[in-house]
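Novice: There's a structure below that I have some questions on.
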Amino acid sequence: MKALADLVFDNRFARLGDVFSTPVLPEPLDEPRLVVASPAAMALLDLDPAEADAQVFAELFSGHKLWSDAEPRAMVYSGHQFGVYNPRLGDGRGLLLGEVVNDAGEHWDLHLKGAGQTPYSRMGDGRAVLRSSIREFLASEYMHALGVPTSRALCVTGSSTPVWRERQETGAMLLRLAPSHVRFGHFEYFYYSNQHERLRELGEHVLACHFPECQAAENPWAAMFREIVERNAGLIAQWQAYGFCHGVMNSDNMSILGITFDYGPYAFLDDFDANHICNHSDDSGRYSFSNQVPIAHWNLAALAQALTPFVEVALLRETLDLFLPLFQAHYQDLMRRRLGLTQAEEGDAELIERLLQLMQAGAVDYSLFFRRLGEQAPAEALAVVREDFVDLSGFDQWAQEYQARVEREGGEQSARRTRMHAVNPLYMLRNYLAQNAITAAEQGDYGPVRELHAVLSRPFEEQPGMQRYTERPPEWGKRLEISCSS
Ligand code: AMP
Ligand code: MG
């Protein structure tokens, strides 16, 4: 276990030089205080969880102090926002403080979000508010607990610094961890600005640091792209299977590592709705829940374009064509597991699709359905969940097929229950739960956000006294509008 002062830095991205990032110091927040920290994320840096209680912890993660070996930098990138190319984005309000090497030899980027203005801030104030920092914190750590690849969150620091959004709020900083903060948009930036030698440097850096296994391939760039396509197919399958709606799948918010990245107006579905749009500013529904699949493919095509100086177009196309079948295979596998099925059968895709249609028609709570389906033997469980559906004859037909399917596979109910509860969370990060925790935190009470985080860090395990976190949302909690402003 390490103390904060013992972290070891090895700033590989900073060494690429000023073409790739600009040195910028964090701008401190007033009266910093720790809102919440993740012991599991601290463990990634071998940090003693007790370190979170030290005053220096809040000072380091609010811009007041800095390790002497940190080299804070704002990265430059570009990207397609809502389908339109923006030639210059970059870290407008976050800084890569440096890369920490843990005892296992892994590098972790320390990225401080909300650290003040940078050359890439455009019209922005460089800040992040408490509300959005808490939302990113909770989602990062929850997604990890679910087993979905994601950036991590070490802590949120609050402050008394006023920040103006639709109303006056207070500034906060989130310390984000990821093995890399390189986005699709990094490659697009050097491609579209015709800096192809720099693009080569970037690609070689990413290959050496993050895709070393691709370096032996005949064309390492092609192998890397294939790996990125495969990872994204798996990632999006998990999003769809768990009802996660990202909300802003711009290519600058897509991680080169295939992890969930840059949480904004995200939502986990309460009632199942394939057309759900979680981003209040997304008028056309470009990033609606079901569109996430074609949009991920679209973003991969945008990345492929930026790789054309190094990989033949035909090969890029061929690799892109793998996305949909890979996605479908992963998705069906996950959904089968959520349904407690262990063997693939012809007609599975239809069985899943019909269930979703029935859920949509009945506005059935997506996550509770699966949890309750596993709780008892099929006949009893189906009778319980049936009450939530509207098209009862449709449901009965589905239920009959499902039950027959479970019986064909055989096996003990206790094993089925264990298997299903291991993939179907009891506790969900629902918008209204996050909102309640945020409202309390905005009034200076950090108890609720800490408790919510603790409960969500073990989402599959029943926790005594935590029943209230399993409730469906109240009416107000279903209609929360989350905007891009953060
Ligand atoms: P996002 O929607 O958070 O992915 O951000 C898109 C771009 O806008 C990125 O380049 C951000 O760094 C930048 N940005 C977002 N909010 C701010 C802000 N408050 N101040 C400066 N830049 C910002
Ligand atoms: Mg972003």
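Novice: Does at least one position in segment 239-257 carry a residue that is more than 21 Å from the chain's Cα centre (by Cα), more than 16 Å from ligand 1 (Cβ to nearest atom), buried (at least 18 other Cβ atoms within 10 Å of the Cβ) and assigned to a loop (DSSP other than H, G, I, E, B)?
Specialist: Within segment 239-257, none of the residues are more than 21 Å from the chain's Cα centre (by Cα), more than 16 Å from ligand 1 (Cβ to nearest atom), buried (at least 18 other Cβ atoms within 10 Å of the Cβ) and assigned to a loop (DSSP other than H, G, I, E, B).
Novice: Could you tell me which residue of segment 164-183 is surrounded by the fewest Cβ atoms within 10 Å (Cβ to Cβ), considering only residues that are outside any strand (DSSP E or B) and either among the hydroxyl-bearing types (S, T, Y) or in contact with a Ser or Thr (Cβ under 6 Å, 6 or more places away or on another chain) (or both)?
Specialist: R165
Novice: Among the residues of segment 176-198, is any more than 16 Å from ligand 2 (Cβ to nearest atom), under 25 Å from Q238 (Cβ atoms), touching a residue at least 40 places away in the same chain (Cβ under 8 Å) and out of contact with any Asp or Glu (no Cβ under 9 Å at 6 or more places or on another chain)?
Specialist: Looking through segment 176-198, none of the residues is more than 16 Å from ligand 2 (Cβ to nearest atom), under 25 Å from Q238 (Cβ atoms), touching a residue at least 40 places away in the same chain (Cβ under 8 Å) and out of contact with any Asp or Glu (no Cβ under 9 Å at 6 or more places or on another chain).
Novice: Which residues, counting only those in segment 147-156, are outside any strand (DSSP E or B) and surrounded by 21 or more Cβ atoms within 10 Å (Cβ to Cβ)?
Specialist: Scanning segment 147-156 gives a single hit, S151.
Novice: Something else about it: Can you name the condition, by its number, that G114 falls short on among (1) more than 16 Å from ligand 1 (Cβ to nearest atom); (2) in contact (Cβ under 8 Å) with a residue 60 or more places away in the chain; (3) surrounded by 24 or more Cβ atoms within 10 Å (Cβ to Cβ)?
Specialist: (1)
Novice: Follow-up. Test Y85 against the stated conditions and say whether it is touching a Leu at 6+ places or on another chain (Cβ under 7 Å), at negative phi and either polar (S, T, N, Q) or within 16 Å of ligand 1 (Cβ to nearest atom) (or both).
Specialist: Judged against the criteria, Y85 is not a match.
Novice: Can you name every residue in segment 54-69 that is under 19 Å from S160 (Cα atoms) and free of Cβ contacts under 8 Å to residues at least 12 places away in the same chain?
Specialist: Within segment 54-69, Q55, K65 meet the criteria.
Novice: In segment 51-79, how many residues are surrounded by fewer than 22 Cβ atoms within 10 Å (Cβ to Cβ) and within 16 Å of ligand 1 (Cβ to nearest atom)?
Specialist: So the count comes out to 0.
Novice: Continuing with the same structure: Of (1) more than 16 Å from ligand 2 (Cβ to nearest atom); (2) among the aliphatic types (A, V, I, L, M); (3) surrounded by fewer than 21 Cβ atoms within 10 Å (Cβ to Cβ), I236 satisfies all except one. Which?
Specialist: The one condition I236 does not meet is (3).
Novice: Taking the stated definitions as given, is M428 crowded, with 16+ Cβ neighbours inside 10 Å, among the hydrophobic types (A, V, I, L, M, F, W, C) and touching a Gly at 6+ places or on another chain (Cβ under 7 Å)?
Specialist: Criteria not met by M428.
Novice: What's the number of the only condition in (1) of a type in the set (D, E, K, R); (2) closer than 25 Å to D252 by Cβ; (3) in contact with a Phe, Trp or Tyr (Cβ under 8 Å, 6 or more places away or on another chain) that R317 fails to meet?
Specialist: Checking R317 against (1) of a type in the set (D, E, K, R); (2) closer than 25 Å to D252 by Cβ; (3) in contact with a Phe, Trp or Tyr (Cβ under 8 Å, 6 or more places away or on another chain), the one that fails is (3).
Novice: What is the residue count in segment 258-283 for residues that are touching a residue at least 40 places away in the same chain (Cβ under 8 Å), more than 16 Å from ligand 1 (Cβ to nearest atom) and outside any strand (DSSP E or B)?
Specialist: Matching residues across segment 258-283 total 6.
Novice: So which of G83, G63, G116 is within 16 Å of ligand 2 (Cβ to nearest atom) and either over 18 Å from the mean Cα position of the chain (by Cα) or under 24 Å from P23 (Cβ atoms) (or both)?
Specialist: Checking each option against the conditions leaves just G83.
Novice: Related question: Of these, S132, S159, S140, which one is more than 13 Å from ligand 1 (Cβ to nearest atom), of a type in the set (G, A, S), closer than 26 Å to L47 by Cβ and crowded, with 24+ Cβ neighbours inside 10 Å?
Specialist: When all the criteria are applied, what remains is S140.
Since every read-out is calculated from the coordinates, none of them should be taken as a lab result. Because the structure is predicted, anything quoted here is derived from the model rather than measured. We place every Cβ from the backbone using ideal geometry, glycine too, and count neighbours over all the protein chains shown.
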